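Read the structure below first, then the notes.
The values are calculated or read from the model by the stated rules, or taken from the named source; none is laboratory data. Predicted model only: the values in this text are computed from it and were never measured. A quick note on method: Cβ atoms are made from the backbone with ideal geometry, for glycine too, and the neighbour counts reach across all protein chains shown.
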Protein chains: 2
Amino acid sequence: MKVKLSCSINRFSLYIDLMESLTEENYLKALLTLTGESREVTVSALAKKLEIKMSTVTSMMKKLARKRLVSYRYYKPLKLTEKGRREALLIIRKHRLIELFLVDKMSFRWDEVHDIAEQIEHVQAPHFFERMDSMLGFPTIDPHGEAIPDKDGKLERASYHRLSSCKAGEAVTLRSVANASAEFLKFLSSRQLHLGLRIRIESVEPVDGSVLIRYGKRHRETLSHTICDRLLVEKDSI
Amino acid sequence: MKVKLSCSINRFSLYIDLMESLTEENYLKALLTLTGESREVTVSALAKKLEIKMSTVTSMMKKLARKRLVSYRYYKPLKLTEKGRREALLIIRKHRLIELFLVDKMSFRWDEVHDIAEQIEHVQAPHFFERMDSMLGFPTIDPHGEAIPDKDGKLERASYHRLSSCKAGEAVTLRSVANASAEFLKFLSSRQLHLGLRIRIESVEPVDGSVLIRYGKRHRETLSHTICDRLLVEKDSI
DNA sequence: CTATGAAGTTAGAATAATCTAACAATACAA
DNA sequence: TTGTATTGTTAGATTATTCTAACTTCATAG
């Protein structure tokens, strides 16, 4: 499928192969999200993430390596190049801007926006995203608390703590949700847990790491260690 | 390229083949826009519209005929089935809703929105378009004056006149632009010609069919027959 | 240090959408 | 009515993305 982008002022037409860029963009994005401290990703992890076979990953890596988006050597872990990383971050930027737009300007819930953003993030129209950006007041945080990369693909890394690593007696503010899935976000909403919420940690159960918290007017909940591991908080100063 | 649409409530995932539906959607849309009174389209016209070879059209028509979206017989003109027509109208609906959203809610000019809408129209997310629809107050006309098909793919046909067929002395209101291209729309804007504008026809030149019009505070323009043919107007009552 | 299983690669095939080149049907002009 | 140009179809090739099945490399447990 080819898509024609025309510019009637300068009388030229540019054909971009949408499929190709769509597929490639999904590989780059997956690589970035799998990238940890070492910035290296295994073929099997990428295959699992994209729900494709390892052999398919291998052949696509050769292609992306030719384009200098990924550095790839036989039997070695995959790594985004700086160019690849930047491209991936710009897609993430579009994704997160869309999510915030859907929530702030179109009244969607935070658990509804991922799948829509996943589709619109491939739109090639810089002024569309610039307009979104300005309508939103040049935001830096998306509805799930994740940082929005800037126009150059630079990412501000916030230093939050996992709720699972906090101690009894601490007071914290909920700032971000890791691996936000619709299910998990709905779970949080059902407990009136939202970003910006101040939380007091009453106790931490040594047996299973579950945490008893208090928040709002009179909320009191016990959250499992699994849940707390995905809640990123800022410790209240003083 | 496959895209996964997940529904976490009911725990099912639906894979739609985006490329396939994207390509097919473009064929259906092209067929609809080429459809005239007879509702029949030639292979060559469709090939020209989509900028592909006739042989490619032939093979795709066999596929769409298998899916009962097009009725196709060797060497006979192409025709959308009712099902195909409805699908095409629902894509047009999305396209026009997006265009209006971009103009009304995101302050784009009417000449900027086509290419963006062309990309977003393939998004599969009914509630996204429903939300747009309600934010726009369930509109029936897009920024270029074209009718927006309803949720069932029904289209209200307005009975406008071409400015080129009007007589000297008539007073009309500009209601719609046929074959709106960015170029043409910019031309209109540069003359302060916009939808809803009341226009008086001063004279019609018999030689070339050009028309002298007056409008606004003190605008006076001569428009060629070619231009007037693409301006759809409503004759003022009384 | 080697054998074994996991991880990764290769070769070859499938599908979708496209093309070119050759062929077939149709329309219409003389 | 017949010849030619236009229109449409077929067959076979190409590219992108994916698969399966067979093979290779690596990591590590004994």
Test: B:Ile98 is more than 10 Å from DNA strand C (Cβ to nearest atom) and within 14 Å of chain A (Cβ to nearest Cβ): yes
Restricting the search to segment A:59-75, which residues are within 11 Å of DNA strand C (Cβ to nearest atom) and crowded, with 16+ Cβ neighbours inside 10 Å? A:Met60, A:Met61, A:Ala65, A:Tyr72
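Matching residues to (1) in contact with a Ser or Thr (Cβ under 9 Å, 6 or more places away or on another chain); (2) modelled with pLDDT of 95 or more; (3) more than 16 Å from DNA strand C (Cβ to nearest atom):
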{"site": "A:Ser21", "(1), (2), (3)": "no, no, no"}
{"site": "A:Glu25", "(1), (2), (3)": "no, yes, yes"}
{"site": "A:Lys53", "(1), (2), (3)": "no, yes, no"}
{"site": "A:Val57", "(1), (2), (3)": "yes, yes, no"}
{"site": "A:Trp110", "(1), (2), (3)": "yes, yes, yes"}
Identify, from the list B:Ala158, B:Ala147, the residue that is modelled with pLDDT under 95 and under 17 Å from the mean Cα position of the chain (by Cα). B:Ala158
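A quick yes/no check of all residues on (1) of a type outside the set (A, V, I, L, M); (2) in contact with a Ser or Thr (Cβ under 9 Å, 6 or more places away or on another chain):
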{"position": "B:Lys154", "(1), (2)": "yes, no"}
{"position": "B:Tyr160", "(1), (2)": "yes, yes"}
{"position": "B:Leu163", "(1), (2)": "no, no"}
{"position": "B:Cys166", "(1), (2)": "yes, no"}
{"position": "B:Leu174", "(1), (2)": "no, no"}
{"position": "B:Glu183", "(1), (2)": "yes, yes"}
How about segment B:122-137: which of its residues are at the interface with chain A (Cβ under 8 Å from one of its Cβ atoms) and outside any loop (DSSP other than H, G, I, E, B)? B:His127, B:Phe128, B:Arg131, B:Met132, B:Met135
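I'm trying to understand the selection: among the residues of segment B:41-87, which are part of a helix (DSSP H, G or I), away from DNA strand D (no atom under 11 Å from the Cβ) and out of contact with any strand residue (DSSP E or B) (no Cβ under 7 Å at 6 or more places or on another chain)?
Across segment B:41-87, the qualifying residues are B:Lys49, B:Leu50, B:Lys63, B:Arg66, B:Glu82, B:Lys83, B:Arg85, B:Arg86, B:Glu87.
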Quick check on my filter: what residues within segment A:180-224 are under 21 Å from A:Asp111 (Cα atoms) and small (Gly, Ala, Ser)? A:Ala180, A:Ser181, A:Ala182, A:Ser189, A:Ser190, A:Gly196, A:Ser224
Complete set of residues in segment A:155-204 that are within 14 Å of chain B (Cβ to nearest Cβ), surrounded by fewer than 14 Cβ atoms within 10 Å (Cβ to Cβ) and among the charged types (D, E, K, R): A:Glu183
For segment B:141-154, how many residues meet the condition of being in a loop (DSSP other than H, G, I, E, B) and crowded, with 16+ Cβ neighbours inside 10 Å? 8
Considering only strands (runs of 3 or more DSSP E) fully contained in segment B:178-238, which possess at least 1 residues that are of a type in the set (Lys, Arg) and over 13 Å from B:Ser164 (Cα atoms)? B:198-204, B:211-215, B:219-223
For segment A:112-121 the number of residues that are in a loop (DSSP other than H, G, I, E, B) and within 8 Å of chain B (Cβ to nearest Cβ) is 1
